[in-house]
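Remarks on the structure that follows.
Every read-out reported here was derived from the displayed coordinates using simple, explicitly stated rules and does not represent laboratory data. If you're wondering where the values come from, they're calculated on a predicted model, not measured in any experiment. Cβ coordinates were reconstructed from backbone atoms using ideal geometry, including for glycine residues, and neighbour counts include every protein chain displayed.
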Amino acid sequence: MNIISLKTILAVGFLFVAVSLQAQKESQPVQSFRYKNPITHDFSQSMRDNMVLKVGQRWYMTGTSQPIWSGQNPGVRLMVSDDLLNWKDAAWIIDASKLPKDCPYNGRFWAPEIHLIKRTFYLTVNSGHEGPKTGTQRRDDHRIWIFSSKEIDGKYTLLAANGLEIDKFFTNDATLFADDDGRTYLYCNGDGLYQAEIDLQTGKLLNDNNGLNGFAKIIGPKDSGNPDWMYAGIEGPFVIKRHGSYWMFFSSWTRGYEVGVMQAESPVGP
């Protein structure tokens with residue numbers, strides 16, 4: 001008589017159950033649905049570089065409005081939603097048609113963000129008049145502009161009258177991060193990713209870094225040890241804090257747009 005061990009019996013039983021469950025799963029009709037994102041398919045709502053912020057029970061979104069590349073765009077748009085699916089206009093935070101022609105930030109309004117810090121809303125937007133272009137070393141006046149308001153859709157006041165820029169480089173994609181100790185940091189991109197501590201009362205940077213107008217470089221796309229997918233360029237930094245560590249998300253376009261992430265034990269790295 002062949003003696004079959006309990007272990008073998010259990011193994012066969014588990015295999016039978018697994019096969020039966022898989023057969024039931026495969027016999028069930030496949031559930032599918034289609035959804036068309038109105039933010040990308042409806043030109044009247046189309047934006048790039050989106051940022052979404054929840055205030056109370058509502059969601060607010062801003063981003064780069066059309067046209068993206070062909071010249072000046074209408075300004076900084078704010079949209080609102082109750083469900084993250086259906087959006088409607090809330091306000092034009094900056095309406096370019098109402099700005100004087102010599103306004104230093106009346107140009108291409110790129111990648112705006114809104115951050116709620118100590119009960120105040122801070123708008124960062126990258127804009128300026130076009131000038132000569134020589135790769136990343138563009139000597140126009142495209143800079144970072146920072147505004148503040150007590151209401152997300154209210155009147156915003158400019159903080160630093162001359163804007164902020166990395167010396168010699170096209171400065172874009174500004175973002176803010178407020179740490180638990182009350183200090184705030186500004187991140188952006190030029191020929192790589194940059195950072196600086198900022199005083200939000202004045203809009204001025206608190207660092208002095210050898211000709212970079214207060215910015216310190218974090219990383220360049222072609223730095224030694226970087227993976228190949230960073231080589232063409234990196235941009236769009238965004239910092240959060242979780243489990244005692246700082247996480248910087250950023251974008252690269254070497255192989256088509258991708259998102260990378262870096263970890264640090266300090267908001268200024270390494």
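Every condition in (1) in a strand (DSSP E or B); (2) touching a residue at least 40 places away in the same chain (Cβ under 8 Å); (3) in contact with a Phe, Trp or Tyr (Cβ under 6 Å, 6 or more places away or on another chain) holds for Lys217 except the one numbered (2).
A quick yes/no check of all residues on (1) out of contact with any Gly (no Cβ under 9 Å at 6 or more places or on another chain); (2) under 24 Å from Gly182 (Cβ atoms):
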position: Gln57; (1), (2): yes, no
position: Ser65; (1), (2): no, no
position: Asp83; (1), (2): yes, no
position: Asn86; (1), (2): yes, no
position: Lys101; (1), (2): yes, no
position: Asn106; (1), (2): no, no
position: Phe121; (1), (2): no, yes
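Remark: pairs (first residue in the range 105-127, touching a residue at least 24 places away in the same chain (Cβ under 8 Å); second residue outside any strand (DSSP E or B) and of a type in the set (Gly, Ala, Ser); Cβ separation under 7 Å; 6+ apart in sequence or on different chains) = Tyr105/Gly128; Tyr105/Gly163; Asn106/Ala96; Gly107/Gly128. Restricting the range 160-212 to residues that are among the aliphatic types (A, V, I, L, M) and either over 21 Å from the mean Cα position of the chain (by Cα) or surrounded by fewer than 18 Cβ atoms within 10 Å (Cβ to Cβ) (or both), the residue that is nearest to Tyr105 (Cα to Cα) is Ala161. Is it the case that some residue within the range 176-184 is among the aromatic types (Phe, Trp, Tyr) and part of a loop (DSSP other than H, G, I, E, B)? No, the range 176-184 contains no residue that is among the aromatic types (Phe, Trp, Tyr) and part of a loop (DSSP other than H, G, I, E, B).
Taking residues in the range 231-242 that are in contact (Cβ under 8 Å) with a residue 40 or more places away in the chain, and partners anywhere that are loosely packed, with under 13 Cβ neighbours inside 10 Å and among the charged types (D, E, K, R), the pairs with Cβ atoms closer than 9 Å and at least 6 places apart or on different chains are Lys241/Asp180. Against the list (1) in a loop (DSSP other than H, G, I, E, B); (2) out of contact with any Gly (no Cβ under 9 Å at 6 or more places or on another chain), the condition Gly236 fails is (1). The residues of the range 234-267 that are among the β-branched types (Val, Ile, Thr) and surrounded by 15 or more Cβ atoms within 10 Å (Cβ to Cβ), listed by number, are Ile234, Val239, Thr254. All conditions in (1) over 15 Å from Phe177 (Cβ atoms); (2) buried (at least 20 other Cβ atoms within 10 Å of the Cβ) hold for Phe215, with the sole exception of (1). With respect to being over 21 Å from Ile114 (Cβ atoms), hydroxyl-bearing (Ser, Thr, Tyr) and exposed (fewer than 13 other Cβ atoms within 10 Å of the Cβ), Tyr231 falls outside the description. For the range 109-123, the set of residues classified as in contact with a strand residue (DSSP E or B) (Cβ under 6 Å, 6 or more places away or on another chain) and either surrounded by 17 or more Cβ atoms within 10 Å (Cβ to Cβ) or among the charged types (D, E, K, R) (or both) consists of Phe109, Trp110, Ala111, Pro112, Glu113, Ile114, His115, Phe121, Tyr122, Leu123, listed by residue number.
Scanning the range 160-181 for residues that are in contact (Cβ under 8 Å) with a residue 24 or more places away in the chain and not hydrophobic (A, V, I, L, M, F, W, C) yields Asn162, Gly163, Glu165, Asp167, Lys168, Thr171, Asn172, Asp173, Thr175, Asp179, Asp180.
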